[in-house]
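Asks: There's a structure below that I have some questions on.
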Amino acid sequence: MEDQFQMLFEKMRIEMKEQNTRLEESLTDKIINRMDEKLKPILTENENLKLKVGTLEKEIEHLRRSNKENNLIIFDLKEEERSITELLQNFQRQCLADLNITLKNTEVNKIYRIGKPRKQEGKPRPILISFVNSWKKHEILKNKRKFKKLHISEDFSKEVLEKRKLLKPKLIEELKKGKIAYLKNDQLIVKENCSNTDKRKRELSASPQTEQTAQPKKQQALLSSKTNRTNAFDMMRARSSSLSTSSDKRP
């Protein structure tokens, strides 16, 4: 009897354990389902917010670029002016002397030095100049290499400057390959060099001619070998005929 009770208790214990396990699993599933239902709108809202943030970042970047579109940064202009007017006049003189370009006061929106004044004399602070329109900016930018002492660059944002810095090794690599490569804002533009492609075309067009010139030589060699063969046979025939005639003449 005791054994039967023991077996019965053991069976009941196992069943209760399995039932508890099933209850725990069902409760867990219900909790997870409820959490998923509550999280779904939150996740959807999160995705929508990410899209909005991405759109806003693009709009901000576009506004930054449009704000800097007519700007140039001037380096290495001596810091000896006493006012903004003198600063503009100094740059106007440099444009006229080095580039032969007349820069009018009405073509400039603003001009100022970037950063705080330095107590000790040293390298002059860079200058930001903003033009009324992009035409005058591009005219100066196009002729910037003619400046004897000044250096000119576009007014890029920090993000664009970082991207350009990362693209410089690739730019150097493409230039070494003989391709036309340059940086435009934060993009690397690579084009095939026309002189290299023309050279390849000339080489390809010249190769069939060399084959044609080489082919007649081969044909001549074959013809000469054939003629040599025929001459050899003729000589053998002539020799055999001469031997036969000489044998006929003998007594």
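The values are calculated or read from the model by the stated rules, or taken from the named source; none is laboratory data. No experiment lies behind these values; they were computed from the predicted model shown. Cβ placement follows ideal geometry from the backbone for every residue including glycine, while neighbour counts extend to all protein chains displayed.
Asks: Please list, ordered by first then second residue, the pairs with beta carbon atoms under 7 Å, 6 or more apart or interchain, first in the stretch 168-184 and within 15 Å of residue 194 (Cα to Cα), second modelled with pLDDT under 90 and not hydrophobic (A, V, I, L, M, F, W, C).
Replies: Close Cβ pairs (under 7 Å, with a partner that is modelled with pLDDT under 90 and not hydrophobic (A, V, I, L, M, F, W, C)) amount to 178/193; 178/196; 179/191; 179/192; 179/193; 180/191; 180/193; 181/174.
Asks: For the stretch 145-160, which residues satisfy the criterion of being assigned to a helix (DSSP H, G or I) and either surrounded by 13 or more Cβ atoms within 10 Å (Cβ to Cβ) or among the β-branched types (Val, Ile, Thr) (or both)?
Replies: Within the stretch 145-160, 146, 160 qualify.
Asks: Another question about this same structure. Inside the stretch 79-120, can you point out the residues that are in a loop (DSSP other than H, G, I, E, B) and either in contact with a Lys or Arg (Cβ under 9 Å, 6 or more places away or on another chain) or in contact (Cβ under 8 Å) with a residue 12 or more places away in the chain (or both)?
Replies: Pass one, the stretch 79-120, residues in a loop (DSSP other than H, G, I, E, B): 79-83, 100-104, 114-120.
Listed by number, the residues that qualify are 79, 81, 100, 101, 103, 104, 114, 115, 116, 117, 118.
Asks: Give the number of residues within the stretch 63-78 that are touching a His at 6+ places or on another chain (Cβ under 9 Å) and not in a strand (DSSP E or B).
Replies: Going through the stretch 63-78 one residue at a time, the tally reaches 1.
Asks: Still on this structure, please answer the following. Can you name the condition, by its number, that residue 33 falls short on among (1) within 30 Å of residue 151 (Cα to Cα); (2) assigned to a helix (DSSP H, G or I)?
Replies: (1)
Asks: For the stretch 42-91, which positions are among the β-branched types (Val, Ile, Thr) and not assigned by TED's automatic domain parsing to the domain that holds residue 148?
Replies: In the first step, residues of the stretch 42-91 are kept if they are among the β-branched types (Val, Ile, Thr); the result is 42, 44, 53, 55, 60, 73-74, 84-85.
42, 44, 53, 55, 60 - these are the residues of the stretch 42-91 that are among the β-branched types (Val, Ile, Thr) and not assigned by TED's automatic domain parsing to the domain that holds residue 148.
Asks: I've got another one for you. Return the residue satisfying two criteria in turn: it lies in the stretch 111-131 and is among the β-branched types (Val, Ile, Thr) and at pLDDT 95 or above, and of such residues it is surrounded by the fewest Cβ atoms within 10 Å (Cβ to Cβ).
Replies: First, the residues of the stretch 111-131 that are among the β-branched types (Val, Ile, Thr): 111, 114, 127, 129.
Then drop every residue that is not at pLDDT 95 or above, which leaves 111, 127, 129.
Working: 111: 18, 127: 23, 129: 23.
So, considering only residues that are among the β-branched types (Val, Ile, Thr) and at pLDDT 95 or above, the one surrounded by the fewest Cβ atoms within 10 Å (Cβ to Cβ) is 111.
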